[in-house]
Each structure stands twice: as structure tokens, then as C-alpha cells.
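Where a number appears in this text, it was derived from the coordinates with a stated rule and is not lab data. For clarity, every value in this text was computed on a predicted model and none was experimentally measured. Here the Cβ positions follow ideal geometry from the backbone for every residue, glycine too, while neighbour counts run over all protein chains shown.
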Amino acid sequence: MISRCPNCGYSLRGLPEEYLCPECGFSYDVNCVVFAEPRNAWKGLAVLNSVILLAFAARGVLRGWSEADSLSILPFGVMMLGWLWHLSRPPKRIVISSQEIVLLKTNQERQTIAMSLVGDAHWSWTTGDIHLYGMDGEEMVTIERRFLASNARAKRAVAEIESRSRKRCQQTVSG
Ligand SMILES: [Zn+2]
């Protein structure tokens, strides 16, 4: 069960279970599963970078600032800007609902695959990518590894896709 919009984070409390996000118009379903690119490792490195930066700056101030201090601080300052730029961008996400699979690459760029077209999903242990096949067995879409960052998460995503397409098949048979 999700409580926030998978696209913009707007609170969905008190809203219908399947609707459009009032903030960004993203079509949600409270039972969808969201896989967001994990960033804790990046955040840790950014913190380490700022500690080194501050240590160099403190040393420079204490012994009277020289050109050597400016030179030693410069690369860490440049790296810090890189970390901040990377962390300020929204993480890549996959939203899996019973209706569709949505790949959110950035807030603007997205790819939607209707669940009714998905026959099967496979995870490749060599590349770490997920391959989606249509009802005819032809490959439709490749979800690149960078969306999931780890093999364990990719396998969980495949299981979620399979359970939803299987559920749909059972409903078709019983209906
Ligand atoms: Zn939204």
C-alpha cells in the first residue's frame, strides 16, 4: 500500500484507491509497488567529501590561508558540487501496478508498459537487466539494471510483475 504519489511524493491520504494524483496527474493505484534507485551509498560519500573539505578549510584558516590551501580545497569543492547536482535530481523509479509498469527516468521522461501486454518477465543474471516479453513471446522492453541497482531488487521486481500478470490471467480464465 502506498501513501504518497510515486511520481511527486504528494500525500494520497483520504483520496480514492485508484485515481490521478491531484498534484502531478500521475495515475496511481494504492496497491502498486515502487522501486526507487537507492542512494544511501551516494549520500555517505557526499558526507565524507564535506568532512574532508571542512578539515582542509579549518587547517587553512588555523595556519593563515595560503595558495596551497586553496589548491587542496579546490578538487573537493568541485566534487561536492557534483554530489549535490546528482542528489538534487529525482531518483529513477519503477512503479508496478496491476494495470501497468511505469519507468520514471526523470520527472518529465517516462515509459509506460500496459500490464495486459506483458506475457512474461525474466531477469538476466549476466547483465542484471529485466526483459519483458509480450503474449507472443517476443521481447518488448528491457528494463536496465541501473533502475534497480541490485540483483536482489531486480528479482523482487520480476516477482511483482509475474504475480500481477498471473493474477490477470487467472481473472481472465475464471471470468
Ligand atoms: Zn503526484
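Within the chain, the longest run free of exposed loop sites, counting trypsin sites (Lys or Arg not before Pro) that sit outside DSSP helix and strand states (H, G, I, E, B) and have at most 11 other Cβ atoms within 10 Å, spans 64-175. With the simple spin-label model, which puts each label point 7 Å out from Cα in the Cβ direction, the Asn40 to Arg59 separation comes to 3.1 nm. Label sites at Arg89 and Glu138, each approximated as a point 7 angstrom past Cα along Cα to Cβ, lie 3.2 nm apart.
At 222 nm, what helix-only mean residue ellipticity would the chain give, in deg cm²/dmol to the nearest 500, using -39500 (n - 2.57) for each DSSP H run of four or more?
Details: 3 runs with 69 residues, N = 175.
Value at 222 nm, helices only, nearest 500: -14000 deg cm²/dmol.
Tell me which aspartates and glutamates have Cα within less than 20 Å of Lys105's Cα, excluding those fewer than 8 residues away on the same chain? Straight-line reach from Lys105, under 20 Å: Glu23, Asp29, Glu37, Asp129, Glu144, Glu160.
Sorted on the mean count of surrounding Cβ atoms within 10 Å across their residues, most packed first, peptides 77-86, 126-135 read 126-135, 77-86.
Hey, with R₀ at 22 Å, roughly what FRET efficiency would Glu23 and Glu109 work out to, going by the Cβ-Cβ distance, to 0.05? Show your work: numbers first, answer last.
Numbers: r = 18 Å, r/R0 = 0.83.
So, using R0 = 22 Å, E works out to roughly 0.75.
A full extension of the chain between Ser72 and Arg146 corresponds to an added length of 23.3 nm, given 0.36 nm per residue minus the alpha carbon distance.
So if each residue of separation counts as 0.36 nm, and I subtract the Cα-Cα distance between Val51 and Met79, what length gain in nm does that give?
Numbers: separation 28, 0.36 × 28 = 10.08 nm, distance 1.25 nm.
Working it through step by step, the gained length comes to 8.8 nm.
In summary, segment 37-175 shows an alpha-carbon radius of gyration equal to 1.58 times the 2.2 N^0.38 Å reference for compact globular proteins.
Evaluate the distance, in nm, between pseudo-label points positioned 7 Å from the Cα of Arg4 and of His122 along their respective Cα→Cβ axes. Using points 7 Å along Cα→Cβ, the separation is 3.7 nm.
Could you give the longest part of the chain that holds none of the GluC sites (Glu not before Pro) found in DSSP loops with at most 11 neighbouring Cβ atoms within 10 Å? Walk me through the numbers on the way to the answer.
On the way: sites that count: Glu17, Glu109, Glu138.
In the chain, the maximal stretch lacking such sites is 18-108.
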